[in-house]
Ligand code: PLP
């Protein structure tokens, strides 16, 4: 493998375009993200010229313990050398039970069973399927702008047309209510035919925080009308928001909790659905139904090892507390942008899940937003990357939002570097030189 990689050199964009996805390569080239990546460590990526980039995106939030975490890697290397039995299909091995026990110990007492998956979307699928079977109800309510994954069940709960258009018809029985609107939710739940209400505690798309009382109110309504509450922690789990799970901020006790992303330490795909005994026993209610849901590679042993080592690392390095501390500092440093910089409409976040939203009334801003809603954020994301070597993302739906999900182990000076570069970039972008506007419009048209 070493010689294969040495011969291949950094990622070959032409090969990717020929064999995997030419449109994605076009996007990378248009926005200047087509760097020849060769190495990563912690919160940094390195290109073939040895240039160091600060990773504020964290692989869409899967590198909470940092890229190539040496302790997680060592655990995996050790496990590979142990000739463990692997997946038995008809039998049990040691590691899944140990990880399940560890995960459940972190969760509220209501969550007592764990079903492993390989990805986040699969954990969501399991929540939807098991929720339907356990309640003997068919309907699923989700929220506008929700993101729960892209397989067909999870997609049916998705609240963004850009993901759902062209893939219909989606599954029957799925409906959405506005995020934050308890009256709309009650109007649906009152019919007493809703199996599951699925909600992200903080919406990933746009980093929308719940209004005060919303999640607690939603839980009370679910209990009143016999609906299972599914809090999707795929993105917000494992310290991202400054607590182990985001639902702890509101003292929730959900019935179903899908997790994934950073449970893998970024190494091996792994996910899980944590659930109440009541749900589990309603579905897996006899020997005949003992294997009613599952998949071949879940639980795979390397995934279990990565999960155990990642949880240990979060604890040893106190990364959850660090996320809370650095997140508070990030908000403190950037909230003044709202008053100081004309184009900044809002700054929001919890822990190290953070976003800045832009606004504008100038002619150039309006022109950009007419070409593509949210495009102004690209005018910040691109120079942050090309001039300051900081990786971020645009993450809004019809609004201009820049979002970050950095590794939780980033340093205080990494954070200061980001804040300084962000301010400088926004100040330049708000004057919007013609060349930048032209670039952004070209990027929008190249879609
Ligand atoms: N749920 C949430 C809240 C997510 O943010 C994501 C992915 O971004 C998923 C589910 C899907 O996870 P995966 O990409 O592992 O399928």
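Some points to look at:
- Using a Förster distance of 35 Å, the FRET efficiency for residue 68-residue 160 (Cβ separation, nearest 0.05): 0.65
- Rounded FRET efficiency, nearest 0.05, which uses the C-beta distance separating residue 138 from residue 292 and R0 of 22 Å: 0.80
- Chain lengthening between residue 281 and residue 14 when straightened (0.36 nm per residue, less Cα-Cα): 91.0 nm
- Placing a label point 7 Å from the Cα of residue 398 along the Cα-to-Cβ direction, the residues of the range 169-206 whose backbone N falls under 14 Å of that point are 178-179.
- Within the range 229-268: backbone nitrogen closer than 20 Å to the residue 212 label point (7 Å, Cα to C-beta): 247-252
- Centroid-to-centroid separation of the range 342-415 and the range 268-321 [C-alpha atoms, Å]: 34 Å
- R0 of 60 Å, Cβ-Cβ distance residue 89-residue 338: FRET efficiency to nearest 0.05: 0.60
- Relative to the longest principal axis of the Cα atoms of the chain, helix 214-225 runs at roughly 30 degrees.
- The angle between the Cα long axis of helix 319-334 and the main principal axis of the chain comes to about 40°, on a 0 to 90 degree scale.
- Rounded to 10°, Cα long-axis angle of helix 94-106 versus longest principal axis of the chain: 70 degrees
- The three principal axes of the C-alpha atoms in the range 71-316 carry coordinate ranges of 56, 42, 39 Å, sorted with the longest axis first.
- Classification of the chain by its C-alpha gyration tensor yields an oblate form. The axis ratio a/c (a ≥ b ≥ c) is 1.5 or more, and b/c is at least a/b.
- Taking 0.36 nm per residue of separation and subtracting the Cα-Cα distance, full extension of the segment from residue 312 to residue 220 would add 29.7 nm.
- Label-point separation, residue 253 to residue 411 (7 Å along Cα→Cβ), nm: 4.4 nm
- For the chain, the 222 nm mean residue ellipticity estimated from helices alone, with every DSSP H stretch of n ≥ 4 adding -39500 (n - 2.57) and the total spread over all residues, rounds to -12500 deg cm²/dmol.
Readers should treat all values here as calculations from the given coordinates under stated rules, not as data from a laboratory. Source: prediction; values computed, not measured. Quick reminder, even Gly has a Cβ in these numbers, built from the backbone with ideal geometry, and neighbours come from all protein chains shown.
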